[in-house]
Amino acid sequence: MNYDHLKISNQQAEEILFKLFHIQGKATALPGELDFNFRIKVDNEIGYILKISRPNENENYLDFQQQLLQFVADHGKNIIAPKVITDINGNVISKITDDFGKERQVRLLSWVSGRVWSGVNPQLDDLRYSLGEQCGLLTQALQGFDHPEAHRKFDWDVAQSLWTKAHVELFNDNEKSIVKYFQNLFENSQTTYSTLRKGVVHNDANDNNVIVSSDLVHPKVEAVIDYGDAVYTQIINDIAVACAYAIMNHNDPLEASLPIVEGYNSSFKLQEEELAHLYDAIAMRLVISVTKSAINKIAEPDNAYLLISEKPAWEVLRKWRHVSADFAHFSFRDVCGFEAHPKSKSFKDWAEKQSFELNDLFPTIDKQDLHHIDLSVSSKWIGHQEEFNDLDVFQFQIDQFQKKHPEKIIAGGYLEPRALYTSDAYDKIGNSGKESRTIHLGVDFWLPSGTAVHALFDGEVVIAVNDAGNKEYGGLVVLKHKTDGFNFYTLYGHLSAESAIRPSVGDRIKTGEKIGELGNSTENGNWVPHLHFQIMLSLLDYKTDFPGVAYYNQIDVWKRICPNPNLLFKSEALQKTGTVPNADLIHYRKQHLGKSLSLQYNEPIKMVRGAGQYLMDQYGRKYLDTVNNVAHVGHENYAVVKAGQEQMALINTNSRYLHDNINDLAQELIETLPPELSVLHFVNSGSEANELAIRMVKAATGERDIIASEVGYHGNSNMCIDISSYKFDGKGGTGAPEHTHVFPLPDAFRGKYRSKDSAEKYAEEVQKQIDVVHKKGRGVGAFIIEPIISCGGQVELPEGFLAKAYEKVRAAGGLCISDEVQTGCGRMGKTFWGFQLHDVVPDIVTIGKPLGNGHPVAAVACTREIADKFANGMEYFNTFGGNPVSCAIGAEVIRTVKRENLQENALKIGTFLKEELHKLAKEFPIIGDVRGQGLFLGIELVDAEMNPLAAQTDYLADRMKDHGILMSTDGPDHNVLKIKPPIIFTKANAEELLFYLRKIMAEDFMQF
């Protein structure tokens, strides 16, 4: 029949509702495959769902659904489900005749309130867990229920899914190969699949049938509705259906499925034999979906609902094809509380009874003991990234280490998180941003190239690779071994290209027989010579290779697939000590560190290594750092590190002795400053710099009164706190001291003045404070401000304001201080110093954070006149200020900025980023203002009435962290997201930042 003749209009639905149930309500059509569904809204009531069948639908089938709902109502403890509403005659199923004389069945159910799963963003692990939990509760509630129609022939039943084989010709060649692969996999498993336990299950927890709570930050699944696809089938099919839909639109569908399975198992315990078929069942539900879509495109081309899942189903199928069935099975076992690999305990028990010597593996090396080497991400031994990526340097380090332990073989590495793997081949984009393979799965034995490697057990060669270009191993041999009750494999990586294929696939190798020889650095994956030895209990789907490094989030599964090789050698040197858990670190801090030392993020991160624009945690996860302006030229910049190391190895003393470095740093800085600012004093921090600047003011002017901006911050010493409104007007503060005078934050977006002439008005506010000082019979000492006010929320000063303010202050006899602790050294892009943006020359400039790239070094630049007045007989001496090490580091930072054109980079990338952020603001009006210069930017979040949105800003920063991007909030209302990365930030980094900002801006909580 023509689809238009089948459809029921909203008006018809309302008429049917009143006729059968005497209920007046407004009907709105809902999606549905068979029934025509309508949301019924009734004044002051939650409402109903009206379901009208197609003509001549099987009444027994509808009776099955009604009885099932009534059974759930009676047996479903803590389950929210639609309730059956009887018509005016007490019937649970009513009948009507449509305009074409066809009989239709009508049912009315109570409406279940909440959001539909498909409209919830983001869909995170906790939400997916709750989905599985609810589905498991429903399965438990349906235990014991049955009905003849539950045993019907049903296309959407995974157990009956092989009907799809008759329709493979509907697909193109690529699609066909994927569909046939899963069909064959499923068909070949029928012997054991058919024995799995069965029952009536919901069978249709798709994204339009799952109801989620209204909580936008911690949403939970509250109900599963629409029981029309319920069927008597293998119980594992129910969780397979839930997974098939909920893993759509995720980069890693397996990872997305695990919380669902775990949640289901928490409510309804799954059996080991069921989990062995879950991978296939998920695939076959998707195969049914794409096959149905292909058929329906022909049968009912106008019914959009029938095609709604086609594209995402295909996307998941393609990704699912690349997931190892065995790895999925082991992952499902792991989250359900079973040993990830069913033979891991058997292997461990067997291995504990074995005993091997190192001579069994390396008979030509007369050494029996091992010495552990630490190559972990937090290892101090491996040194800087530039060094461990230099094979000659790395080889030298290994050789030197070996000389210290000549009687031992250098070894280690099992489950070690490493930062050594810098190739893109080790990276992927997961469900929460970029992920890197960092966890080493074998043990490395560091021995010379040409060292003979011999077999520990009888075995069959199953992989033999002669590929000097293989980035992971170079030459590789894998042997298969058989023992009582299970098989296992040993992997020998980094062999020479020639020796790796000398044993061919299929060859038998005897215990003690030579396998190959260690390759040199050009033929073993560009590594310093060593053997990578690994044990595997499964080859998964690998035929010519096998991972030697895994993703941290999969480690619980990988360590069961690849048990510790030291189970064989039992060496104390290879006993893993582990790292201190974060919870223990936090506990110690709370006990022994001041409470005012706060931690970033709701779940703090332990950082152990820096590299350029990235920080790394103890597991090797990289975080793109968009906020750490201290690491001005990149975290652990090699040239800067070397400058400090080299000088530290010579001498570090105070500035009373002559040394070239203090002059060199002074020269580098003076070249960037106006000629008026020709005298420098060196200190250790921005706080010390501002403290010294205020001392200079008092010495030069004889006055103590300082004019400063509202929400200004200038350091943490006593004198700096006294001129920092951010502190004394904030929590724990006691207001401005007698000699500090605060004018309103010169913010043209949400400040006191927002008009085009706000510069003049804010300058008048400065004049008002000058007048206050004069009325007290005192003179103005100085005016201090940042060229972009950082803690105020990256506030750009109104154009013309600074020149006008300087003019007024100088007219009153005061000095002008530019606090460049955060804005200096090229970060502004257009200019080297922030004050240069405003075409002014201060009397004093304070320099801090960026100068040392993380090392404590700072400076004060001033005019000759001020310097001479400061030298009033009271000697200025700073034990560490201007020491040779600090000066070597500071000079190299400035040289790096100049040599690598980083000021130009800040301009180029900052301009691109700012332009794109403005575009983002058009998509998301929650972004009220984008401001700043170069790589010193701020995004202010406000509502339509310009009210600050601190909660959304905090949420955004925390969610960005989940995606591997570090951000922080600022501003008096905590509603500004600041962007102040190392100025080596690239366009690719900016694009990654923008991508995830856009992604998270679209999440429900951000749509206030």
Next item on the list: Hand me the list of strands (runs of 3 or more DSSP E) wholly inside the range 434-508 holding 3 or more residues that are of a type outside the set (A, V, I, L, M) and assigned by TED's automatic domain parsing to the domain that holds ASP399.
Entry: 443-446, 475-483, 486-495
Notebook entry, point to check: If you scan the range 809-833, which residues turn out to be in a loop (DSSP other than H, G, I, E, B) and aliphatic (A, V, I, L, M)?
Noted result: ALA812, VAL821, MET828
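Being within 30 Å of GLY76 (Cα to Cα), modelled with pLDDT of 95 or more and not in a helix (DSSP H, G or I): is that true of PHE338 here? Walk me through it before giving the result.
Numbers: within 30 Å of GLY76 (Cα to Cα): yes; modelled with pLDDT of 95 or more: yes; not in a helix (DSSP H, G or I): yes.
Taking the combined requirement at face value, the residue satisfies it.
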Check: Across the range 849-861, what is the total count of residues that are assigned to a loop (DSSP other than H, G, I, E, B) and either among the basic types (Lys, Arg) or within 17 Å of THR879 (Cα to Cα) (or both)?
Finding: 2
Note to self: For the range 90-120, give me each residue that is touching a helix residue (DSSP H, G or I) at 6+ places or on another chain (Cβ under 9 Å), in a loop (DSSP other than H, G, I, E, B) and modelled with pLDDT of 90 or more.
What the structure shows: ASN91, VAL92, ILE93, VAL120
Check: Conditions: (1) at negative phi; (2) part of a loop (DSSP other than H, G, I, E, B); (3) in the same structural domain as ASP238 (by TED's automatic domain parsing); (4) surrounded by fewer than 21 Cβ atoms within 10 Å (Cβ to Cβ). GLN123 meets all but one. Number of the miss?
Finding: (4)
Next item on the list: Count, please, the residues in the range 494-518 that happen to be touching a Gly at 6+ places or on another chain (Cβ under 6 Å) and at pLDDT 90 or above.
Entry: 4
Next item on the list: Out of the residues in the range 816-833 that are hydrophobic (A, V, I, L, M, F, W, C) and touching a Pro at 6+ places or on another chain (Cβ under 8 Å), state the one that is farthest from LEU937 (Cα to Cα).
Entry: CYS816
Check: Restricting to strands (runs of 3 or more DSSP E) lying wholly in the range 593-639: which have 1 or more residues that are among the aliphatic types (A, V, I, L, M), out of contact with any Lys or Arg (no Cβ under 9 Å at 6 or more places or on another chain) and free of Cβ contacts under 8 Å to residues at least 24 places away in the same chain?
Finding: 607-611
Notebook entry, point to check: So which of LEU254, LEU286 ends up being touching a helix residue (DSSP H, G or I) at 6+ places or on another chain (Cβ under 9 Å), in the same structural domain as ALA313 (by TED's automatic domain parsing) and buried (at least 24 other Cβ atoms within 10 Å of the Cβ)?
Noted result: LEU286
Check: Taking the range 401-428, which residues are surrounded by fewer than 16 Cβ atoms within 10 Å (Cβ to Cβ) and among the basic types (Lys, Arg)?
Finding: LYS403, LYS404, LYS428
Notebook entry, point to check: So is ILE398 surrounded by 19 or more Cβ atoms within 10 Å (Cβ to Cβ), in the same structural domain as VAL528 (by TED's automatic domain parsing) and in contact (Cβ under 8 Å) with a residue 40 or more places away in the chain or not?
Noted result: no
Notebook entry, point to check: If we scan the range 983-999, do we find a residue that is surrounded by fewer than 19 Cβ atoms within 10 Å (Cβ to Cβ), outside the structural domain of PRO744 (by TED's automatic domain parsing), β-branched (Val, Ile, Thr) and out of contact with any His (no Cβ under 9 Å at 6 or more places or on another chain)?
Noted result: yes
Check: Do any residues in the range 317-332 that are within 14 Å of ASP541 (Cβ to Cβ) have Cβ atoms under 6 Å from those of residues that are part of a loop (DSSP other than H, G, I, E, B), where the two are at least six apart or on different chains, and which pairs are they?
Finding: SER324/LEU540; SER324/ASP541; ASP326/SER538; ASP326/LEU540; PHE327/LEU540; HIS329/ALA276; PHE330/ALA340; PHE330/HIS341
Next item on the list: Would you mind telling me which numbered condition in (1) of a type in the set (Ser, Thr, Tyr); (2) in contact with a strand residue (DSSP E or B) (Cβ under 7 Å, 6 or more places away or on another chain); (3) part of a helix (DSSP H, G or I) THR364 fails?
Entry: (3)
Next item on the list: Scan ASN901, ASN878, ASN905, ASN872 and give me the residue that is in contact (Cβ under 8 Å) with a residue 12 or more places away in the chain and either within 19 Å of LYS987 (Cα to Cα) or touching a Lys or Arg at 6+ places or on another chain (Cβ under 6 Å) (or both).
Entry: ASN905
Note to self: With the structure loaded, tell me whether TYR279 is of a type outside the set (D, E, K, R), under 26 Å from ALA141 (Cβ atoms) and modelled with pLDDT of 95 or more or whether it fails that test.
What the structure shows: no
Note to self: Suppose the filter is hydroxyl-bearing (Ser, Thr, Tyr) and either surrounded by 17 or more Cβ atoms within 10 Å (Cβ to Cβ) or under 23 Å from SER257 (Cα atoms) (or both); does THR195 pass it?
What the structure shows: no
Next item on the list: Pick out the one residue from LEU585, LEU593 that is surrounded by fewer than 19 Cβ atoms within 10 Å (Cβ to Cβ) and more than 20 Å from VAL377 (Cβ to Cβ).
Entry: LEU593
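The values are calculated or read from the model by the stated rules, or taken from the named source; none is laboratory data. Values in this document were obtained by computation on a predicted structure and should not be read as measured data. Every residue, glycine as well, gets a Cβ built from its backbone with ideal geometry; the counts of neighbours run over all protein chains shown.
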